[in-house]
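Taking it in order: structure first as structure tokens, then the write-up.
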Amino acid sequence: MPGKDSAAASTGHPAVVIDSVSKTFRLPHQRYSTLKERALHPFRSRVFDELKAVQDISVQIAPGEFFGIVGRNGSGKSTLLKCLAGIYRVDTGSITIDGRLSPFIELGVGFNMDLTARENVIINATMLGLTPKQARERFDDIIAFAGLEEFIDLKLKNYSSGMAVRLAFSIGIEVDADVLLVDEVLAVGDAAFQHKCYQQFERLKSEGKTIIFVTHDMSAVERFCDRAMLVEKGKMVTLGAPREVARAYNQLNFAGVVHEAVEERRHGDRKSAEITRTWFENESWQHVSTLSQGEFCFGLFEVKFLEDMQDPIVGWALHTQSGQTVMAASSQFERGETGAFKAGETVVVKIGFSFRFSAGQYSLSPVVARAGNAADIVDEREHAATLLVFATRSTGGLVDLDQVLEIKRA
Amino acid sequence: MSAITVRNASGNERSATIRRTWTLAWVLAVTEWKLRFYGSFLGYLWSLARPFALFGVIYLVFSEFAKLGDDVPHYAVYILFAIVLFTFFGEIAGGSVQSLVARESLLRKVRFPRLVIPLSIVLGALFNVGMTLVAVLIFALLNGVYPMWTWIELPFLVGALLIFAAGLGMLLGSLFVRFRDIAPIWDVVQQALFYGSPILYVATMVPEEYRDVYLINPIAAVLTQMRHAMVDHNAPSIFDAVGEPWHLLITAVIVFGSFALGLWVFQREAPNIAENL
């Protein structure tokens, strides 16, 4: 990824500078205190809960940059956007914006269902910062872009939700601003209209407009953003390339998920050896319970020998949540001879592979067996460790391998 | 304390803000106006129906049954004027109470000068009172009230009420965001003002020893002057009605004081309205 910060440097100063911005909400325990209460207890200080919605966030955004703010619900991303828009006042820190800032964060604000599309366009465009004259001049463009020429005198309540959204979007992109703020917008419209929206984003980008948008949709982040930022509990956790941020977001999202306990079953006589631990590691040998699809992965387990053993068979099986075995690895397939082990010795067996299976929960079942023709299991622990795998795309298939697509004319 | 700095802000930023405030207030007021009669056949006529119906009842009860207005010339015209002006006052002051809370989604999603909201309410009330007053003036002429040059005082009377009502409206609206009890309290106060102002009767019926105190109420003062200027030139003007003319200063202080207080509180609360909603 080329350094996007250099873009800011090349054009002089950044479009938006957010400098250690914090915003705290004071939430009284009883939301609507009555005057009577205040009159009866004038000196009782009211109890507040402090909600630190945004804590010390600093970032610079270059002109023409498409910047994503991602985070889970309640992470503070929308509060930050409202601070940017000037709807909320920041407690500390400062926000500097170079150029005209769009005054809205949501499309279709102030739409009135009882008025016609024509009236709503003028009202909404005025709310969004156009003069009524400009709004009338651009009216035809707006309607044409939305593709609603036949319905301009229809009351908005007779519009389908998709039509209303198209109208809202068409007005939104007509706004004269250098910096646009958008809160969750792309998940609407039919495929053809979405395509038009994407083209508009490209156009705005090429015109050097800066777009800051808040979303949950990681595929949109990867598709449009030059850079993104992950916010969690009001703090900036990651700032960087969209892919990185999307991955961090997924990790964060799944870290909180409590793994469904899969009942562990154990087989074998455990006379000669015992499996003491089972776990997963990622490519940098960190103990993990979540993994991103495509990453390299190790399934490990620790074996403690109780008796001397010659060439024991070690291996594991990987199961999906529904119990299907998607992969099995064993010393039997690879080499047969594993060596001699003394009683009291402890070893770690480590089998690595590139994780190409689809997103979901997997479990690992390690096994130790005596060498020989018939499998003589010493210890087998079914579902001893679980791993949650997430992906930025869902193919619906069991595996997602690298693929090549070609279209040739006959 | 900190703020959002927008660089490259040109010198006419201030005038742009003022223009935007007006434009938005105008658009909002016109929209509300359109919606008010949405779906009704008679539209504007309904806005006349209410004051005229109320007038009909009051006139019947107080003039015909109670014989209250026998010595008041053009009593019917006076009642009608008084009702229309008081409705105008109530529309601004009372209508402002919930105005900010009702426009929550707008306030939370768009940055605009918060003063737009009270301004749009004032504009809407002006549309209404303007159209109703036309009908009332016609009624007055039909009733035999002779046009007087003092009729040009009408805009000033409306203006005085507007300043008083707008001040109260801004105060009530911004306080209502935090204290929801403002609404029932104001209901009672407005009701008290209705009976405490010369609407069902005229100010000269108030015993003289109470009259100066009575006329401290700006609505009473405006309606008394209205009677002199609009309905009956022989009725005392506000300066004649009051015993000590300097008492009128108190009335003026109340009018402009409530406006200043309302504006101050509103502007102080404005940056925090979105998060307190």
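Each value in this text was obtained by applying a stated rule to the coordinates, not by laboratory testing. Please read all numbers here as calculations on a predicted model, not as lab measurements. Neighbour counts are summed over all protein chains in view; Cβ atoms, including those assigned to glycine, are modelled from backbone coordinates with ideal geometry.
Along the charge dipole of chain A, pointing to its positive end and built from +1/-1 on Cβ of Lys, Arg, Asp and Glu, which listed residue (A:L27, A:C83, A:A391) has its Cα farthest out?
A:L27
Taking Cα atoms, how many degrees apart are the long axis of helix A:117-127 and the longest axis of chain A, rounded to 10 and kept between 0 and 90?
90 degrees
Give me the angle, in degrees from 0 to 90, between the Cα long axis of helix B:247-269 and the longest principal axis of the Cα atoms of chain B, rounded to the nearest 10.
With both axes taken from Cα atoms, the answer is about 20 degrees.
Relative to the longest principal axis of the C-alpha atoms of chain A, give the angle of the C-alpha long axis of helix A:161-172, reported between 0 and 90° and rounded to the nearest 10°.
Roughly 70 degrees, rounded to the nearest 10.
Given a Förster distance of 30 Å, report the FRET efficiency between A:W285 and A:N73 from their Cβ-Cβ distance, rounded to the nearest 0.05. Kindly include the intermediate steps, with their values, before the conclusion.
Numbers: r = 33 Å, r/R0 = 1.11.
So, using R0 = 30 Å, E works out to roughly 0.35.
Within segment B:138-165, find all residues whose amide N lies under 20 Å from a label point positioned 7 Å from the Cα of B:H233 along Cα-to-beta-carbon.
B:138-157
Quick one: check the C-alpha center-to-center distance for segment B:212-235 versus segment A:337-352, whole angstrom.
Between the Cα centres of segment B:212-235 and segment A:337-352 lies a distance of 105 Å.
At 37 °C and 0.692 mPa s, grab the translational diffusion coefficient of the protein assembly as shown from Stokes-Einstein with a Kirkwood Rh over Cα pairs, rounded to a whole number in µm² per second.
Working: Rh = 31.3 Å.
Answer from the Stokes-Einstein relation: 105 µm²/s.
Give me the distance in nm between label points sitting 7 Å out from Cα along the Cα-to-Cβ direction at B:T150 and B:A183, one decimal.
According to this spin-label approximation, the distance is 4.2 nm.
Report the far tail of the P(r) of segment A:135-226, meaning the percent of Cα-Cα pairs longer than 15 Å. If you can, show how the numbers build up before the last one.
On the way: 2599 of 4186 pairs.
Value for segment A:135-226: 62 percent of Cα pairs lie more than 15 Å apart.
Under the Kirkwood approximation for Rh and a Cα-based Rg, what ratio Rg/Rh is obtained for segment B:110-183? List each step's numbers first, then the result.
Numbers: Rg = 16.8 Å, Rh = 14.8 Å.
For segment B:110-183, the value is 1.14.
Per the helix-only calculation at 222 nm, which mean residue ellipticity applies to chain A, given -39500 (n - 2.57) for every DSSP H run of n ≥ 4 and division by its residues, nearest 500 deg cm²/dmol? List each step's numbers first, then the result.
On the way: 11 runs with 99 residues, N = 410.
My calculation for chain A gives -7000 deg cm²/dmol from helical runs alone.
Grab the beta carbon distance between B:S105 and A:R409, set R0 = 56 Å, and tell me the FRET efficiency rounded to 0.05.
On the way: r = 53 Å, r/R0 = 0.94.
For B:S105 and A:R409, the calculated efficiency is 0.60.
May I ask you to list the lysines whose Cα is less than 19 Å away from that of A:K271, ignoring any residue fewer than eight positions away on the same chain?
Here the lysines satisfying the reach criterion relative to A:K271 are A:K304, A:K342.
Dipole of segment A:88-147, Cα-centred, from +1 at each Lys and Arg C-beta and -1 at each Asp and Glu C-beta, to the nearest 20 debye? Please report the intermediate quantities before stating the final value.
Numbers: 6 positive and 8 negative charges, 32 e Å.
That gives a dipole near 160 debye.
Taking 2.2 N^0.38 Å as the expected size of a compact globular protein, what ratio does the Cα radius of gyration of segment B:24-134 give against it, to two decimals? Each step should come with its number before you reach the end.
Details: Rg = 17.4 Å, N = 111, 2.2 N^0.38 = 13.2 Å.
For segment B:24-134, the normalised Cα radius of gyration is 1.32.
Per residue, how big is the convex hull around the C-alpha atoms of segment B:15-270? Give it to me in cubic angstrom, could you?
Normalising the Cα hull of segment B:15-270 by residue number yields 146 Å³.
Quick one: what are the phi-derived ³J(HN,Hα) couplings along segment B:48-63, Karplus 6.51/-1.76/1.60 with θ = phi - 60°, whole Hz, x for glycine and proline?
Ordered by residue, 3J(HN,Hα) equals 7, 4, 5, x, 5, 5, 4, 4, x, 5, 4, 4, 4, 5, 7, 8 Hz.
Take the alpha carbon atoms of segment A:266-390, find their radius of gyration, then divide it by 2.2 N^0.38 Å using N residues; give the quotient.
In units of the globular-protein estimate, segment A:266-390 measures up at 1.04.
Per-residue Cβ counts within 10 Å, from other chains only, averaged over A:94-103: what number is that? Walk me through the numbers on the way to the answer.
Numbers: counts 4, 5, 5, 6, 4, 4, 3, 3, 2, 5.
Average neighbour count from other chains, rounded to a whole number: 4.
Need one number: nm distance between label points at A:R203 and A:E337, each 7 Å from Cα along Cα→Cβ, rounded to one decimal.
Label-label distance for A:R203 and A:E337, simple model: 7.2 nm.
Note down the nm distance, to one decimal, between modelled labels 7 Å out along Cα→Cβ at A:S58 and at A:L401.
5.0 nm
Using modelled amide H (1.01 Å from N, peptide plane; none on Pro or chain starts), what sits under 5 Å from the amide H of A:A15, excluding residues fewer than 5 places away?
A:I61, A:A62
Read phi for every residue in segment B:134-144 and hand back ³J(HN,Hα) as whole Hz from Karplus 6.51 cos²θ - 1.76 cosθ + 1.60, θ = phi - 60°, with x for Gly and Pro.
Result, ordered by residue: 4, 5, 5, 5, 4, 4, 4, 4, 4, 7, x Hz.
Give me the orientation-averaged projected area of the Cα convex hull of chain A, in nm², one decimal. Intermediate results must be reported in sequence, preceding the final value.
Numbers: hull surface 131.9 nm².
Projected area, direction-averaged: 33.0 nm².
Which aspartates and glutamates, on any chain, are close to A:K52 with Cα under 19 Å apart, when same-chain ones fewer than 8 places away are left out?
A:D19, A:D91, A:E232, B:E275
Under unit Cβ charges (Lys, Arg +1; Asp, Glu -1), what dipole magnitude, rounded to 20 debye, does chain A have relative to its Cα centre? Mind dumping the intermediate values first?
On the way: 46 positive and 53 negative charges, 274 e Å.
The dipole of chain A has a size of about 1320 debye.
Can you tell me which of B:L215, B:L123, B:L60 moves the most in a GNM of chain B? Springs connect C-alpha atoms under 10 Å apart.
Largest GNM mean-square fluctuation: B:L60.
With respect to the cross-link table entries A:K235/B:K109; A:K233/B:K109; A:K77/A:K196; A:K155/A:K209; A:K82/A:K205; A:K77/B:K34, which display a Cα-Cα separation exceeding 31 Å? Numbers along the way, then the final one.
Details: A:K235/B:K109 23 Å; A:K233/B:K109 22 Å; A:K77/A:K196 27 Å; A:K155/A:K209 33 Å; A:K82/A:K205 22 Å; A:K77/B:K34 37 Å.
Check vs 31 Å cut-off fails for A:K155/A:K209; A:K77/B:K34.
Using only the alpha carbons of segment B:163-277, determine the length spanned along each of the three principal axes and report them from longest to shortest in whole angstroms.
Its Cα atoms span 55, 26, 25 Å along the three principal axes.
What's the FRET efficiency of A:V348 with A:K235 using the Cβ-Cβ distance as r and R₀ = 41 Å, to the nearest 0.05?
On the way: r = 37 Å, r/R0 = 0.89.
Rounded to the nearest 0.05, the efficiency is 0.65.
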